[in-house]
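S.K.: I am attaching a structure below and will ask some questions about it afterwards.
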Amino acid sequence: MRVGMSVRTAYAVDDVREGARWIIERTRAARDAELDLLLVGDHHVTPVPYYQNVPLLGRLLVDWGDRPFGALFLLPLWNPVLVAEQVGTLTALAPGRFVLPLALGGGKEQFAGMGSEYRGRAERFEAGIDIVRRLLAGETVGDAHISPIPPEPVEIWIAGTAPAAVDRAARVGDGFLANADLTPTTAREIVSLYRDRCAEHDRTPTAVGIRRDIHVGTDTADAARVAEPVVTGGYRGFDPSACTYGDAEQVAERFRELAAIGYTDVVVRHLAEDQREVLASIERLAEVRRLVADA
């Protein structure tokens, strides 16, 4: 099993440089922990500073190194030619394999703010995936072609866990990324559905990922001290069992359980708000990664 990180990119700060500094510090910590993947997210028309994926990832690559990296795009909000051009440029900035998670996106306010129709986004999403994939492969689509072309194939993961999204991931994605809010029971159900749909469409996935919001403490009590107030406070509306916290062995055991039911990748975010706690948790992820490497 591989362990990656989706670095948090939204911070309610008075000085936007402070939030940017925190992102860079977390990326350096993930590099030092030798995590397997660095991702940044995508969101628009936000009430607090949200650091946008393409320029941010370009900066983070200075510190990340040569391991896999990528940026999620809410594809119906983007012109697919622009997405392909941005990805083509990002792939030229570092030697690591590029992972491209694509998601449908939600929130009518977000779509309205971007001047994009909310209705019909699923159809635009599928059409956009085809255009992006073909452009990244060097094809001309209509009157469009891009340059630079990625020096190696880009791996497209489809994110989401509604039944239609799972089927779409099996049908048109290279890999799959399940949502962070899944309980252990629903995580098992979703991966089983995805594997079934892959078999139906005669597809073999490159990766079966799941996002997990976590904290790794020095021991059980330390992890509980940081994570339990967040989780019991109704964190993101999640069922508490969807969150993972404990010492390195306990977190690794939860990840091994995910590996046993068919997930190949865990992409973490952090429950803690305090920067020092997050950096310490990322440092301890090095041990978690070591413990699950053969899972």
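Every number here is computed from the coordinates shown, using simple stated rules; none is lab data. Only a predicted model underlies this, so the values are computations on that prediction, with no experimental measurement involved. Every residue, glycine among them, receives a Cβ derived from its backbone with ideal geometry; neighbour counts consider all protein chains shown.
S.K.: Given the chain, what percent of its DSSP beta bridges are antiparallel, to the nearest 5?
M.R.: Working: 2 of 36 bridges.
Roughly 5 percent of the beta bridges in the chain run antiparallel, per DSSP.
S.K.: Determine, for each peptide in 214-223, 5-14, the mean count of other beta carbons within 10 angstrom over its residues, then list the peptides with the highest first. Intermediate values should be presented prior to the final figure.
M.R.: Details: 214-223: 19.6, 5-14: 17.9.
The most tightly packed comes first, giving 214-223, 5-14.
S.K.: Tell me the label only: which of (i) 59, 47, 37; (ii) 53, 43, 42; (iii) 72, 41, 31 is Cα extents along the principal axes in Å as calculated from this structure?
M.R.: The value computed from this structure is option (i).
S.K.: In percent, how large is the relative contact order of the stretch 99-149, given Cα pairs closer than 8 Å and 6 or more residues apart? Please list the in-between numbers first.
M.R.: Details: 22 pairs, mean separation 9.9, N = 51.
Relative contact order of the stretch 99-149: 19 percent.
S.K.: A further question on this structure: Report for the stretch 1-159 the percent antiparallel among DSSP-assigned beta bridges with both residues inside it, nearest 5. Provide the component values of the computation, followed by the final result.
M.R.: Numbers: 2 of 15 bridges.
Close to 15 percent.
S.K.: Given the C-alpha centroids of the stretch 1-51 and the stretch 123-152, what is the distance between them in whole angstrom?
M.R.: Computed from Cα coordinates, the inter-centre distance equals 27 Å.
S.K.: Additional query: With runs of 4+ DSSP H residues as the only contributors, calculate the mean residue ellipticity of the chain at 222 nm using -39,500 (n - 2.57) per run, divided by the residue total and rounded to the nearest 500. Provide the component values of the computation, followed by the final result.
M.R.: Numbers: 10 runs with 134 residues, N = 295.
Rounded to the nearest 500, the figure is -14500 deg cm²/dmol.
S.K.: Please give the helix 184-200 orientation as an angle from the longest Cα principal axis of the chain, in degrees from 0 to 90, rounded to the nearest 10.
M.R.: 30
S.K.: How would you rank 72-80, 47-55, 60-68, 158-166, highest first, on the average number of other Cβ atoms within 10 Å across their residues? Working shown, then result.
M.R.: Details: 72-80: 22.4, 47-55: 15.0, 60-68: 17.3, 158-166: 19.3.
Result, highest mean Cβ count within 10 Å first: 72-80, 158-166, 60-68, 47-55.
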